[in-house]
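Colleague: A single structure is presented below for examination.
Nothing in this text is a laboratory measurement; each read-out follows from the coordinates by a stated rule. Bear in mind that the values here come from a model prediction, so they are computed numbers and not experimental data. So basically every Cβ, Gly included, is an ideal-geometry build from the backbone, and we count neighbours across all protein chains shown.
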Amino acid sequence: RLTRTGKNGGGVRFTGHDSFATVPATPSLNLRSGMTLEAWVWPSKLSRGKATIIAKTRGRGGFPYGLELTAGRPDADAVIGGRRVQLRTRLKLPRNRWSFVASTYDGSILRLYVGRRLAAKLRIRGKFRKSAGPLQMGGNQIRGEYFTGSLDNVRIFSKARSPKQLARDSKTAVPGGLVQSPVSTPPVGAGPGTG
């Protein structure tokens, strides 16, 4: 649900079960050779498993790109050059506090940031897997992986942002940011979409 207590204005609060925000598939979300995913994250509960922050979905699985928490630790998940990669950090996010998390890919290095700190990086070349599936936040219709807490100032770019740009983004509200009908619940018996 929408909340006025976001990091930079209003945010979206997720229950940790059966709720997520969906952005319909568009060509601009089918990233190919570059990426930046950013979000302010307020986990009110840290699950032992995975919790989706951002995930570009694909009906047959293998998220083309995503940002999530695994046991409270941020990780970047992607399929690059036909290879599934997970970039993880040992840093565990605090509960009930805002943390800035971002991942970037410049065509040769996948990077993961927590705050202003480069927390992990991996050298890999290739393009992201194509997908006709929607982008989802706070959970996903493929595996669930629900997030409990609030997300704010989610940004997605088709190029890698520099550390200086990330620092500026982290202090700036998304201009004209607006979420309409953010919470989606899959209909009973609905299977994953095609991708």
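Colleague: Where Lys and Arg each count +1 and Asp and Glu each count -1, what net charge lies around I54 among other residues with Cβ under 11 Å from its Cβ? If you can, show how the numbers build up before the last one.
Modeller: Details: positive: K56, R155; negative: E38, E68, D77.
Within the 11 Å Cβ shell, the charges total -1.
Colleague: Another one. If you wrap the stretch 67-109's Cα atoms in a convex hull and average its projection over all directions, what's the area in nm²?
Modeller: Quarter of the Cα hull surface area: 3.4 nm².
Colleague: Regarding the stretch 74-143, what are the three Cα extents along the principal axes, ordered largest first, in Å?
Modeller: 35, 30, 16
Colleague: Next question, about the same structure. Determine the alpha carbon to alpha carbon distance for each of K7/K45; K7/K92; K50/K164; K7/K121 and list only those over 22 Å.
Modeller: K50/K164; K7/K121
Colleague: Here is a further query. What 222 nm value per residue comes from the helices of the chain, counting each DSSP H run with n ≥ 4 as -39,500 (n - 2.57) and dividing by all residues, nearest 500 deg cm²/dmol?
Modeller: On the way: 1 runs with 9 residues, N = 195.
The helix-only estimate for the chain comes to -1500 deg cm²/dmol at 222 nm.
Colleague: At 25 °C and a viscosity of 0.890 mPa s, what translational diffusion coefficient does Stokes-Einstein give for the chain, taking Rh as the Kirkwood radius over Cα pairs? Give it in µm²/s as a whole number.
Modeller: For the chosen part, D equals 150 µm²/s.
Colleague: Counting C-alpha atoms alone, how compact is the stretch 23-136: give Rg to one decimal and Dmax as a whole number, in angstrom.
Modeller: My reading of the Cα-based Rg and Dmax gives 13.4, 37 Å.
Colleague: Cα centroids of the stretch 137-163 and the stretch 60-76: how far apart, whole angstrom?
Modeller: 9 Å
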